[in-house]
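Values in this text are rule-based calculations from the coordinates and carry no lab data. Here the structure is a predicted model, which means the values were calculated and not measured. Positions of Cβ are generated from backbone atoms using ideal geometry, with glycine treated the same way; all protein chains shown enter the neighbour counts.
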Amino acid sequence: MSALNMPRADGRLPLYARLRDQLASRIANGEWSPGDMIPSENRLAEEYGVALATMRMGLKQLVDEGLLERRRGTGTFVKQPAFRADLFRFFHVHDVEDPDGPVIPESRILTRQEVDLPPEVKRAFGDDAGTRCLKLERVRLWAGDPLLFEEIFLRLPDFDGLMSLDPKEMGPLLYPVFLQEFGILISSATDELSFGTATSASAKHLALPADSPVAVIERVARNPVGRVIEYRRVHGRPERFRYRVTLGEQPT
């Protein structure tokens, strides 16, 4: 494959950036799955008809972005995604028996239905959004207490089969389900934090009085080529909210 004729490549980008996009597409399309070793730099450079240094620059971008990892003496691999309950970093929860361990909350899916695309979801999904999407409502609990209420919007027809999955077998995290059941890898997400007022649904499921203040998180999640896969709106109990940021270098 000639690099100058790579499909869907934006000719305005530097060649190494176009290579990065094409390699990311092969990950997104499932040609290389998490944990797979990809072909060597030499082989890829030959396949695309580019200089070895150019291919190395394209691969380095994917390594820097966390899509690939280099293993000394072995090769370059598609990085295994670290599925965690990242939204819980905004809330004060910890396991008494393992305070430094990962926070994995309980998850209960309340509803699943096909709906018209809300305007904010259509904006996030972009021009190829279509007119309908799959909407999930879910509550997240910690030690039996409701902490987050989530509205999750997913593309159709990408997730057509999700309606038939048994919620009890889906586990507490959705992204592993996306990968295992639908071959869709979530590689990045942007969370926007604000504060607002509970809706009737979030007040009910968070056991809050009507019109209570809530922490609001809006998430846009993307696959390796930057296509938006999920839009999520989260309401959280405000008394458990926390925000911590470190500025400057840490002492060693």
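Just want the ordering: H235, H205, from fewest to most Cβ atoms lying within 10 Å of their own Cβ.
Taking fewest neighbouring Cβ atoms as first place, the list is H205, H235.
Partner lysines whose Cα lies under 26 Å from the Cα of K135, excluding those fewer than 8 positions away in the same chain, are identified as K122, K168, K204. With 0.36 nm allotted per residue and the present C-alpha distance subtracted, the R26-E218 stretch has 66.3 nm of extension available.
Rounded if a/c is under 1.5, else prolate if a/b beats b/c, else oblate: with a ≥ b ≥ c from the C-alpha gyration tensor eigenvalues square-rooted, which is segment 101-252?
rounded
Per-residue 3J(HN,Hα) values for segment 206-216, derived from phi via the Karplus relation 6.51 cos²θ - 1.76 cosθ + 1.60 with θ = phi - 60°, read 9, 6, 10, x, 4, 6, 5, x, 9, 7, 10 Hz in sequence order (x marks Gly and Pro).
Multiplying the residue separation of A210 and Q80 by 0.36 nm and removing their Cα-Cα distance gives an extension gain of 42.6 nm. Under the simplified labelling scheme, the E69-R242 pair shows an inter-label distance of 2.7 nm, with each label point 7 Å from Cα along Cα→Cβ.
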